[in-house]
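Notes to accompany the following structure.
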Amino acid sequence: RLPREGHPEGLSAATQKRRISALSSVVTLARALGVVSWVLKIEVRKGPKPDRTGYSPRVAAALCQACGDGLEGARDLVVVRLVCSQALRRIEVARLRVRDYANGKIFVRGKGYERNEQKAEWVTATPETRKAIEEWLRLAELTDPDAPLLFGWRNNGRAKSAKSSARAGGLTPQGVYV
């Protein structure tokens, strides 16, 4: 890693790549304008890939335990199950509608869905996820198929109704943190 003043571990890989790319662009432009005659050749060593295996079963179980009871706890459990057990992204969780859950399957609109409708698929929910979603649907009394599957709370601590949540669009991706 390149050294950075005050930081013994050096610059992050992304910062190094960005700086090397900028330097390379300047040298390429200078060569095209005839200012320099040399070529910049840089070998970039690739580091280990980040761990993308997700949450361990122990951590996922601890998150589920922390969800609590009641309506808010049931909603939080669905979010944790969707993220940990189904490996859904925040945006995919936030996009879910009531109609997207049927017969133990979840219709997931993947990354880039707005540009390519083929990025959507039905995935089978784990038994724990099925149980959590069905309990949430029962407690929240969600019957409108177009309503968001998950919704938040008003500042006064009361749950938004399914109707007002449908108008507001439900949870945002920023509201889904695990």
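What follows is calculated from the coordinates using simple rules that are stated; it is not laboratory data. Not measured: the values here are computed from a predicted model. Note that each Cβ is placed from the backbone with ideal geometry, even for glycine, and that neighbours are counted across all protein chains shown.
Tally Lys/Arg at +1 and Asp/Glu at -1 over every other residue whose Cβ is under 13 Å from the Cβ of L63; what's the total?
After counting each charged neighbour, the total is 0.
What order, most packed first, do the peptides 19-25, 95-101, 142-148 have when packing is the mean number of other Cβ atoms within 10 Å of each residue?
The packing order, highest mean first, is 95-101, 142-148, 19-25.
According to a simple spin-label model (label point 7 Å from Cα along Cα-to-Cβ), what is the distance in nm between T15 and A32?
2.9 nm
I need the peptides 29-42, 77-90 ranked by packing, meaning the mean over residues of other C-beta atoms within 10 angstrom, with the highest value on top.
Most protected by this proxy first, the peptides run 77-90, 29-42.
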